[in-house]
Amino acid sequence: MLLDRAVHYRAMVRAGRVSEALRGVAVCLAFFEDSTRTRVSFVLAAQRLGAIPVMLFAQGSSMSKGETLLDTLRTVVSMKVDLVVVRHRAAGAAAYLARHLDAGVINAGDGTHEHPTQGLLDLLTLRDAWHGRFEGRRIAIVGDLAHSRVARSAMFGLRTLGASVTVAGPATLLPAGIEAFGCEVAPSVEQAMRGADAVMALRIQRERMEQSLIPSTHEYARVWGVNAERVELMKPDAVVMHPGPFNRDVEITSDVVDGPRSVIWRQVENGAAVRCAVLERCAQGRRALTAAEWPEPLSVEVPE
Ligand code: NCD
């Protein structure tokens with residue numbers, strides 16, 4: 001349902017149209033970790049649906065004075081903010097807020113745990129590339145799986161829809177017990193990609209590493225990088241994905257990013273559409289009424 005609504009909104013955005021679906025709904029975009037794609041696409045989605053977006057960052061808010069995450073967002077929600085989109089370094093941050101806030105909460109990435117709207121945009125991109133069928137298809141997810149919330153959410157979605165997943169990466173970046181997610185582990189990037197219907201390269205997330213888990217970026221690129229030669233191992237119609245931001249010539253070579261198999265910019269476009277669908281779904285019943293729709297004239301009550 002969300003993917004179908006996203007297709008509807010993608011057409012709306014492409015046509016340069018806007019909607020009133022979220023008129024008057026206030027959406028707080030609370031981004032406590034850096035973001036380009038996710039943040040900009042949520043802001044655009046909110047504005048294209050007629051909502052009122054409010055940005056909140058740790059720096060420049062009272063969190064820098066020691067206010068807790070929950071108190072900060074309670075403050076915002078007390079101003080009748082209906083939805084909170086949150087990105088935070090702690091796994092479980094969005095679920096925690098959803099339990100304690102009187103507002104809809106959307107997870108825009110919680111630490112190394114999940115990134116559900118990215119998972120949805122990846123599913124939409126693959127649904128297009130695979131002509132609507134996930135059964136019998138296989139994707140290789142390659143690289144820093146230990147720190148990748150993108151990979152987790154993609155895996156849950158892909159397994160739900162019937163595709164199979166092979167992962168590959170250096171032992172230091174493969175979480176123990178990853179097979180429990182229902183994926184296969186390949187010993188090399190070549191084996192993961194051979195015969196695959198898609199590959200997803202993951203960024204090396206240095207900011208989440210306490211010590212160096214790879215010997216050098218040069219060696220990483222040579223052993224685990226997605227390059228043109230390896231792309232040739234996949235099916236002839238297979239596509240190349242990356243959630244961005246990418247390190248050109250580290251986990252993926254520049255020519256592959258810009259090459260004919262890349263659907264990386266489609267992923268970005270789909271992200272904007274998926275976030276319209278998710279906001280619409282989460283805001284159901286929260287649209288503000290116009291004056292003409294008010295049930296009775298509002299009276300101003302002056303307290304005694
Ligand atoms: C990712 C993220 O922040 O989880 N980017 C994104 O949202 N598209 C992946 C990353 O930072 O590597």
**Request:** Label the range 115-177 by shape, choosing from rounded, prolate and oblate, from the square roots a ≥ b ≥ c of the eigenvalues of the Cα gyration tensor; if a/c is under 1.5 it is rounded, and otherwise prolate applies when a/b is larger than b/c, oblate when it is not.
**Result:** prolate
**Request:** Rank these residues by their accessible area, most exposed first, probe 1.4 Å: LEU174, LEU298.
**Result:** LEU298, LEU174
**Prompt:** Expressed as a whole number of Å, what is the distance separating the alpha-carbon centroids of the range 16-62 and the range 78-131?
**Reply:** 13 Å
**Asked** Alpha carbon centre of the range 210-239 versus the range 244-284: separation in Å?
**Response** 19 Å
**Prompt:** Mean residue ellipticity at 222 nm from the helices of the chain, using -39,500 (n - 2.57) per DSSP H segment of n ≥ 4 over the full residue count, to the nearest 500 deg cm²/dmol?
**Reply:** -10500 deg cm²/dmol
**Request:** Starting from the Cα of LEU44, step 7 Å along the direction of its Cβ; do the same at HIS131; then give the gap between the two resulting points in nm.
**Result:** 3.0 nm
**Request:** Enter the angle in degrees (range 0 to 90, nearest 10) between the Cα long axis of helix 149-161 and the first principal axis of the Cα atoms of the chain, meaning the one along which they spread out most.
**Result:** 90 degrees
**Prompt:** Name the residues of the range 228-248 whose amide N is less than 16 Å from a point 7 angstrom out from the Cα of SER188 along the C-beta direction?
**Reply:** 228-234
**Message:** If you roll a 1.4 angstrom probe over the protein chains with everything in place, what fraction of the accessible area of the range 128-237 belongs to carbon and sulfur, to the nearest %?
**Reply:** 51 percent
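In Å², what does the accessible area per residue of the chain work out to with a 1.4 Å probe?
Accessible area per residue: 48 Å².
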**Item:** Label point distance in nm, LYS80-PHE57, each placed 7 Å from Cα along Cα→Cβ
**Value:** 2.9 nm
**Request:** Be a star and scan the range 189-203 for residues whose amide nitrogen sits under 18 Å from the point 7 Å along the Cα-to-Cβ vector of LEU161.
**Result:** 196-201
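For the chain, rounded, prolate or oblate, judged on the Cα gyration tensor with a ≥ b ≥ c (square roots of eigenvalues), a/c < 1.5 rounded, else prolate if a/b > b/c?
It is prolate, given that a/c is not under 1.5 and a/b is the larger ratio.
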**Message:** Given axes a ≥ b ≥ c from the Cα gyration tensor, I'd like to know whether the range 148-304 is rounded (a/c under 1.5), prolate (a/b larger than b/c) or oblate.
**Reply:** prolate
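The values are calculated or read from the model by the stated rules, or taken from the named source; none is laboratory data. From a predicted model like this one, the values you see are computed outputs, not experimental measurements. We place every Cβ from the backbone using ideal geometry, glycine too, and count neighbours over all the protein chains shown. The protein model used for the area step is the full one, side chains on, heavy atoms only, and it has no ligands, DNA or RNA in it. Shrake-Rupley method; radii C 1.70, N 1.55, O 1.52, S 1.80 Å.
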